[in-house]
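What follows draws every value from the coordinates through simple rules; no lab data is involved. Please read all numbers here as calculations on a predicted model, not as lab measurements. Note that each Cβ is placed from the backbone with ideal geometry, even for glycine, and that neighbours are counted across all protein chains shown.
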Amino acid sequence: MAIDSTPWFVGGGAQHSPEVARLLAYAATSGTEGVVEPASLAVKAQSTPNSTVSVRPGAALILNRYAGGGQQTYVLRNSSSTSITIPATGSGGGRTDAIIARVLDPQYEGAAPSDPTAFQYARIERIGSVPYGLEDISELNLGYPAILLAKITLYANEGTIQQSMIKDMRKVAMPRRQTELRTHAMVSAESAVLSNKTAYPDQGQTWPVSTETAWGEIQIPAWATRMKIVMTWSGITVPPGDARGQLWVQVGATSNPSNVKTQAVSYNGTNSPNTNRQTAIVADERYIPAALRGTSQKFYPRGNAVEAPAAAYWRLDGGSNLVLQIEFMESAD
């Protein structure tokens, strides 16, 4: 095929092709597709459930899947919520429908519209009776540009769409990532004994308290919807005796109703006759509530000693250090 005569962008009245413009979008987004932001084009039941669903405002990147449309991306925008009707099922059985965002480009399909300025080139549509196990738009062999937003599964004799019937299938096209690393090397003058016997998740103690000052607050990006947290306590002094308890990380103060806690990791002392040193790690992935996004919060290393004699309490001292790593992630929400 001959080279396109006009590159992007030449002035002086040159005519620019839509293919090169779509190539620009493709190159700028590394050929990815999906919704642009976590909330874009989310499919939700109506506040008062009825026979329709609401597709929220937002934007999407959609690869050109027409024949000859390689290395091209369409950019679709839904400026306000759009309602899609879902037909009721009968007594004969249930059904799964797909909600998609698609492009209808007359360059590749059909005749040119009589009024190009009024034609609906971007559409949100329902495809009825798709496989229940549908996972990717490619499984439908549509032959035109589209992305899968949601699946809606109805049982027999159903016509009112509840949120529980909707499975979100969106993916963020270019998800952002941000990693924060905090360390704290304890000094010889420091000592922190893990002695609190109150229960996870709402009690326990910050261990050690000195991390509150050493680490301060960490900014949670406004775009982040999930976070991976890895907390390491190394050089823990473990005296003789049987000490048992739990360790976890809490994001946000206890007084904050939106605070988040990782899953607790259980520990059990060796009951060795000698004092030794151990390392403990907590690792978890958690959803970030909307109330925490775009705010600065403290990340508290927490723990308890549910069953332990005082002589067997674990402690941190000048031979201990701590490492906190958080990866903030952007995903459909």
Over the stretch 242-326, what is the relative contact order in percent, taking alpha-carbon pairs closer than 8 angstrom and at least six residues apart? 42
Take a quick pass over the chain and tell me how many lysine pairs come in under 18 angstrom between Cα atoms, counting only ones 8 or more apart or on separate chains. 9
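Only Cα pairs under 8 Å and at least 6 apart count here; give the relative contact order of the stretch 18-168 as a rounded whole percent. Walk me through the numbers on the way to the answer.
Values: 321 pairs, mean separation 41.3, N = 151.
Reported as a whole number, the value is 27 percent.
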With unit charges on the beta carbons (Lys and Arg positive, Asp and Glu negative) and the dipole taken about the Cα centre of the chain, which residue among Ser296, Thr82, Trp248 sits farthest to the positive side? Trp248
Taking the Cα centre of the chain as the origin, how large is its charge dipole in debye, to the nearest 20, when only Lys and Arg (+1) and Asp and Glu (-1) carry charge on their Cβ atoms? 440
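Full extension from Val75 to Val230: what is 0.36 nm times the residue separation minus their Cα-Cα distance, to one decimal in nm? Let's see the in-between values first.
On the way: separation 155, 0.36 × 155 = 55.80 nm, distance 3.70 nm.
Full extension from Val75 to Val230 adds 52.1 nm.
Roughly speaking, what is the stretch gain from Glu212 to Ser296, that is 0.36 nm per residue apart minus the C-alpha to C-alpha distance, in nm to one decimal?
So the extension gain works out to 28.9 nm.
Listed highest first by mean packing, meaning other Cβ atoms within 10 Å per residue, what order do 145-157, 124-136 come in? Please report the intermediate quantities before stating the final value.
Numbers: 145-157: 20.2, 124-136: 12.8.
So the peptides 145-157, 124-136, ranked by packing, come out 145-157, 124-136.
At 0.36 nm per residue, minus the direct Cα-Cα distance, what do Ala118 and Ser5 gain on full extension? Give it in nm, one decimal, please.
Details: separation 113, 0.36 × 113 = 40.68 nm, distance 2.96 nm.
Gain on stretching Ala118 to Ser5: 37.7 nm.
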Please name whichever of Thr160, Thr232, Thr117 sits farthest to the positive end of the charge dipole of the chain, dipole taken about the Cα centre and charges placed at Cβ: Lys and Arg +1, Asp and Glu -1. Thr232
What the 10 Å binned alpha carbon P(r) of the stretch 18-168 shows, as percent of pairs per bin from 0, is 11, 37, 34, 15, 3, 0
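Run through every distinct alpha carbon pair of the chain and return the Kirkwood hydrodynamic radius in angstroms, one decimal place. Walk me through the numbers on the way to the answer.
Details: mean 1/r = 0.0415 Å⁻¹.
Result for the chain stands at 24.1 Å.
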